[in-house]
Amino acid sequence: MFNIIMGYLIVINILPMILIYIDYTFNLKIKEDVLDFIYCLIALIGGSIGIIIFSKMFMYKRDTKTMRFIVPLILFIEIVIGFVIFSKVNNLKWLTLNN
């Protein structure tokens, strides 16, 4: 199960690299609202880390609200949800010390 999840996350995080590279290189005439919607959708299905990494790697300057606030917020929420799921699966107790 872990291999399937990791494979999914790798594939879904390569997708933003392709989109950012195509938009950065070929300067497509796509409306900003459509690109923001696409990036939010990709971030919601698990590609937020790829969007952040590849936008910095390609120096993809998009000073929109989506790239500055919404994608990092989605990443934070995904990390919290992942931590909660991981702790429930492994029967970890919150804020307790095991002596």
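Quick look at the values:
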{"read-out": "Complete set of residues in region 41-59 that are surrounded by fewer than 16 Cβ atoms within 10 Å (Cβ to Cβ) and not in a loop (DSSP other than H, G, I, E, B)", "value": "LEU41, LEU44, ILE45, ILE53, LYS56, MET57"}
{"read-out": "Flag if LEU19 is surrounded by fewer than 17 Cβ atoms within 10 Å (Cβ to Cβ) and either among the β-branched types (Val, Ile, Thr) or under 15 Å from the mean Cα position of the chain (by Cα) (or both)", "value": "no"}
{"read-out": "The lone exception for PHE26 - which of (1) out of contact with any helix residue (DSSP H, G or I) (no Cβ under 9 Å at 6 or more places or on another chain); (2) surrounded by 15 or more Cβ atoms within 10 Å (Cβ to Cβ) it fails", "value": "(2)"}
{"read-out": "Any chance MET6 is surrounded by fewer than 18 Cβ atoms within 10 Å (Cβ to Cβ), in a helix (DSSP H, G or I) and either within 12 Å of the chain's Cα centre (by Cα) or at pLDDT 85 or above (or both)", "value": "yes"}
{"read-out": "Filtered residues of region 29-40 (kept if of a type outside the set (A, V, I, L, M), surrounded by 18 or more Cβ atoms within 10 Å (Cβ to Cβ) and over 10 Å from the mean Cα position of the chain (by Cα))", "value": "none"}
{"read-out": "Residue in region 17-37 that is among the polar types (S, T, N, Q) and assigned to a helix (DSSP H, G or I) present", "value": "yes"}
{"read-out": "Residues satisfying the stated conditions in region 1-60, i.e. of a type in the set (Gly, Ala, Ser) and in contact with an Asp or Glu (Cβ under 9 Å, 6 or more places away or on another chain)", "value": "ALA43, GLY46, SER48"}
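The values are calculated or read from the model by the stated rules, or taken from the named source; none is laboratory data. Fair warning: this is a prediction, and the values are worked out from it, not measured in the lab. FYI the Cβ positions are ideal-geometry reconstructions off the backbone, even for glycines, and counts take in every protein chain you see.
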